[in-house]
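Novice: Following this message is one structure expressed as structure tokens.
Every number in this text was worked out from the coordinates using simple rules, so none of it is lab data. Here the structure is a predicted model, which is why all the values come from computation and not from measurement. Please note: Cβ atoms are built from the backbone with ideal geometry, for glycine as well, and neighbour counts cover all protein chains shown.
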Amino acid sequence: MEAVVVDRVNQFEGRAALITGGARGLGRAFGRALAALGAHAVLTDVDEAEVDKAAHEITEAGGQASAYRLDVADDAAWDLVLTDVAAAHGGVDILINNAGLHSLEYGVNWAQLPVSKLRRLFDVNVMGVMIGTLAVRPHMQGRPGANILNISSSAAFNGMGAYGATKAAVRALTLAWARELGPSGIRVNALAPGLHVTDTIRNEFTPEMIEGHRHHQFLDLEGNEQDIVDAMLYFCSDKARFVTGETMRVTAGYASSL
Ligand SMILES: NC(=O)c1ccc[n+]([C@@H]2O[C@H](COP(=O)([O-])OP(=O)(O)OC[C@H]3O[C@@H](n4cnc5c(N)ncnc54)[C@H](O)[C@@H]3O)[C@@H](O)[C@H]2O)c1
């Protein structure tokens, strides 16, 4: 019988992981976790001050990180960032397309959303994933274990407003890109979180809303950042070398219960 191998320590050593929306919430947690396991976390966000702070927190703790201001919907900005990242790291090993607009205002009826808001929502949540993947793709060529993780949502499974439509598009893109990039050895997967109480969620949702969401889960638990971080660590690691094109729900059953 083959021995069971437990080798998580420094499993991302020498890898450059670019994370969008890395200033706070899930993106910041992804950066911290990957850096703690040896990666260089390239944190990017529209919020320059906060993303600088998030990277500084990692380096203060002894990890490797850098920060860039990047609007995911701006293709010229991607090129500038990647020129710098490629010079520093030779390429990108992991891309986490995490940045997304997800405030409650996007969950309303379509008719209540002005076209300008709809356009920006799709620009960030859908075009951002597409532009980012196109921009990073050449920098992943020939890098063993290279992979992309998109952050979708439970809303992709239940037709929840314009936001849900953008996250369903992220699921579709995940499969399409997995097919296209498979021959280059690049895996593409997605996570569909349920409700995970980040600072943003805490500021936007009342305790009653969080409790109400929990009632629709199979498991009576409050989702947190670590639930998504743990799933991310699997998909982004070589442990998932045989997995591509998947969107995994991490929702305590919520996404299946409506
Ligand atoms: N937290 C949850 O419960 C939950 C559930 C389902 C899906 N998600 C998805 O997970 C991702 C992260 O969620 P979160 O809760 O950490 O969000 P958050 O709002 O706390 O953080 C999102 C980050 O993205 C940045 N951002 C926004 N627009 C950007 C743009 N155009 N370019 C670059 N950065 C931009 C923001 O400045 C912010 O730092 C989002 O895609 C969200 O839709 C979250």
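Novice: What spacing in nm lies between the two simple spin-label points modelled at ASN109 and LEU175, each 7 Å away from Cα in the Cβ direction?
Specialist: If labels sit at ASN109 and LEU175, their model points lie 3.1 nm apart.
Novice: Pop the C-beta distance of LEU219 and LEU134 into the FRET formula with R0 = 25 Å and round what comes out to the nearest 0.05.
Specialist: Numbers: r = 38 Å, r/R0 = 1.51.
FRET efficiency, LEU219 to LEU134: 0.10.
Novice: If you line up the long axis of helix 225-236 against the longest principal axis of the chain, both from Cα atoms, how many degrees apart are they, to the nearest 10?
Specialist: Helix 225-236 sits at roughly 50 degrees to that axis.
Novice: Nearest 500 deg cm²/dmol is fine: what mean residue ellipticity at 222 nm does the chain get from its DSSP H runs of n ≥ 4 alone, each adding -39,500 (n - 2.57), divided by its residue count?
Specialist: On the way: 10 runs with 113 residues, N = 258.
Rounded to the nearest 500, the figure is -13500 deg cm²/dmol.
Novice: Given labels modelled 7 Å from the Cα in the Cβ direction, how far is it in nm from ASP199 to PHE242?
Specialist: Once both label points are built, they end up 4.1 nm from each other.
Novice: In the stretch 129-258, with Lys and Arg counted as +1 and Asp and Glu as -1 at Cβ, which of these residues, GLN217, SER256, ASN203, has the Cα nearest the positive end of the dipole, that is, farthest along it?
Specialist: SER256
Novice: Sticking with this structure for a sec: Which loop chymotrypsin sites (Phe, Trp or Tyr not before Pro) in the stretch 152-258, with loop taken from DSSP, have no more than 13 other Cβ atoms within 10 angstrom of their Cβ? Kindly include the intermediate steps, with their values, before the conclusion.
Specialist: Working: sites: PHE157, TYR163, TRP177, PHE205, PHE218, TYR234, PHE235, PHE242, TYR254; in loops: PHE157, PHE205, PHE218, PHE242.
Answer in residue order: PHE218, PHE242.
Novice: For the chain, what does the alpha-carbon gyration tensor say about shape, rounded, prolate or oblate, given a ≥ b ≥ c as the root eigenvalues, a/c under 1.5 as rounded, and a/b over b/c as prolate? Mind showing how you got there, number by number?
Specialist: Values: a/c = 1.45, a/b = 1.27, b/c = 1.14.
The shape class here is rounded.
Novice: Here's something else I'd like to know. Less than 20 Å apart at the alpha-carbon level, and either on another chain or at least 8 residues along: which lysines does that give for LYS167?
Specialist: By straight Cα distance, LYS167 reaches LYS117.
Novice: Tell me the GluC sites (Glu not before Pro) within the stretch 193-240 that lie in a loop according to DSSP and have at most 15 other beta-carbon atoms within 10 Å.
Specialist: Working: sites: GLU204, GLU208, GLU211, GLU222, GLU225; in loops: GLU222.
Those satisfying the criteria are GLU222.
Novice: Applying the Karplus parametrisation 6.51 cos²θ - 1.76 cosθ + 1.60 with θ = phi - 60° to the phi angles of the stretch 148-156, what ³J(HN,Hα) value in whole Hz is obtained for each residue in order, glycine and proline being reported as x?
Specialist: My calculation for the stretch 148-156 gives 10, 10, 9, 9, 8, 6, 4, 4, 5 Hz in order.
Novice: Moving on. Report the extension gain between ALA49 and ALA86 in nm, rounded to one decimal, defined as 0.36 nm multiplied by the number of residues separating them, less their alpha carbon distance.
Specialist: Working: separation 37, 0.36 × 37 = 13.32 nm, distance 2.31 nm.
This chain segment gains 11.0 nm when fully extended.
Novice: Next question. Rounded to the nearest 20 debye, what is the charge dipole size of the stretch 166-258 about its Cα centre when +1 sits on each Lys and Arg Cβ and -1 on each Asp and Glu Cβ? Before the final figure, lay out the partial values.
Specialist: Details: 9 positive and 12 negative charges, 113 e Å.
It comes to approximately 540 debye.
Novice: Given a Förster distance of 51 Å, report the FRET efficiency between ASP79 and GLU208 from their Cβ-Cβ distance, rounded to the nearest 0.05. Could you put the intermediate results ahead of the total?
Specialist: Working: r = 45 Å, r/R0 = 0.89.
Once the sixth-power term is evaluated, E becomes 0.70.
Novice: Whole-Hz ³J(HN,Hα) for each residue in the stretch 101-109, computed from phi via Karplus 6.51 cos²θ - 1.76 cosθ + 1.60 with θ = phi - 60°, x for glycine and proline: what do you get?
Specialist: Once rounded to whole Hz, the list reads 8, 8, 6, 4, 4, 8, x, 7, 4.
Novice: If you place +1 on the Cβ of every Lys and Arg, -1 on the Cβ of every Asp and Glu, and leave all else neutral, what size is the dipole of the stretch 102-258 about its Cα centre, to the nearest 20 Debye? Write down the numbers at each step before the final one.
Specialist: On the way: 14 positive and 14 negative charges, 157 e Å.
Using Cβ point charges on Lys, Arg, Asp and Glu, the stretch 102-258 gives about 760 debye.
Novice: For the chain, build the charge dipole from Cβ charges (+1 Lys, Arg; -1 Asp, Glu) around the Cα centre, then report which of LEU118, PRO183, ILE151 sits farthest towards its positive end.
Specialist: PRO183
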